[in-house]
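Working notes for the structure below.
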């Protein structure tokens with residue numbers, strides 16, 4: 001990443017922190033220009049609210065957009081799947097226009113089992129979903 005940014009004239013100074021340092025020097029202080037973390041979530045609610053909502057617990061950059069907040073509230077407040085999907089599409093559009101986050105990579109999951117293990121499934125968060133697993137013996 002340093003080389004890629006240097007190619008467009010941006011100097012990147014990498015600082016690695018343990019979790020306590022990261023929490024104090026990045027999350028709590030907000031004193032940073034760019035931060036990265038590994039995150040994934042199983043569903044848009046409540047993850048999108050935490051990441052993009054004004055005051056969200058995962059909104060370390062203190063991003064704030066009243067239109068995004070309104071769309072998040074609409075999505076959380078409806079039982080209609082189509083209305084919820086439209087609201088989240090609006091969140092995605094606005095957040096991408098504002099460049100609030102930059103998705104740098106996507107990890108793909110792999111699970112290796114013996115041939116008699118069936119029904120293996122994972123949540124997008126990488127956690128195993130054991131309720132569907134069974135042994136074919």
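Among (1) at pLDDT 95 or above; (2) under 27 Å from residue 5 (Cβ atoms); (3) touching a helix residue (DSSP H, G or I) at 6+ places or on another chain (Cβ under 7 Å); (4) in a loop (DSSP other than H, G, I, E, B), which single condition is residue 32 missing?
Every condition holds for residue 32 apart from (1).
Please give the number of the condition residue 89 fails out of (1) surrounded by 10 or more Cβ atoms within 10 Å (Cβ to Cβ); (2) within 24 Å of the chain's Cα centre (by Cα); (3) modelled with pLDDT under 90.
Unmet for residue 89, out of (1) surrounded by 10 or more Cβ atoms within 10 Å (Cβ to Cβ); (2) within 24 Å of the chain's Cα centre (by Cα); (3) modelled with pLDDT under 90: (3).
What's the total number of residues in segment 49-83 that are free of Cβ contacts under 8 Å to residues at least 40 places away in the same chain and part of a helix (DSSP H, G or I)?
Residues flagged as free of Cβ contacts under 8 Å to residues at least 40 places away in the same chain and part of a helix (DSSP H, G or I) within segment 49-83 amount to 16.
Kindly evaluate residue 105 against the criterion of being assigned to a loop (DSSP other than H, G, I, E, B) and at pLDDT below 95. Please lay out each step first, then the result.
Values: assigned to a loop (DSSP other than H, G, I, E, B): yes; at pLDDT below 95: yes.
Taking the combined requirement at face value, the residue satisfies it.
The values are calculated or read from the model by the stated rules, or taken from the named source; none is laboratory data. On a predicted model such as this, the values are computed, not experimentally measured, just so you know. We place every Cβ from the backbone using ideal geometry, glycine too, and count neighbours over all the protein chains shown.
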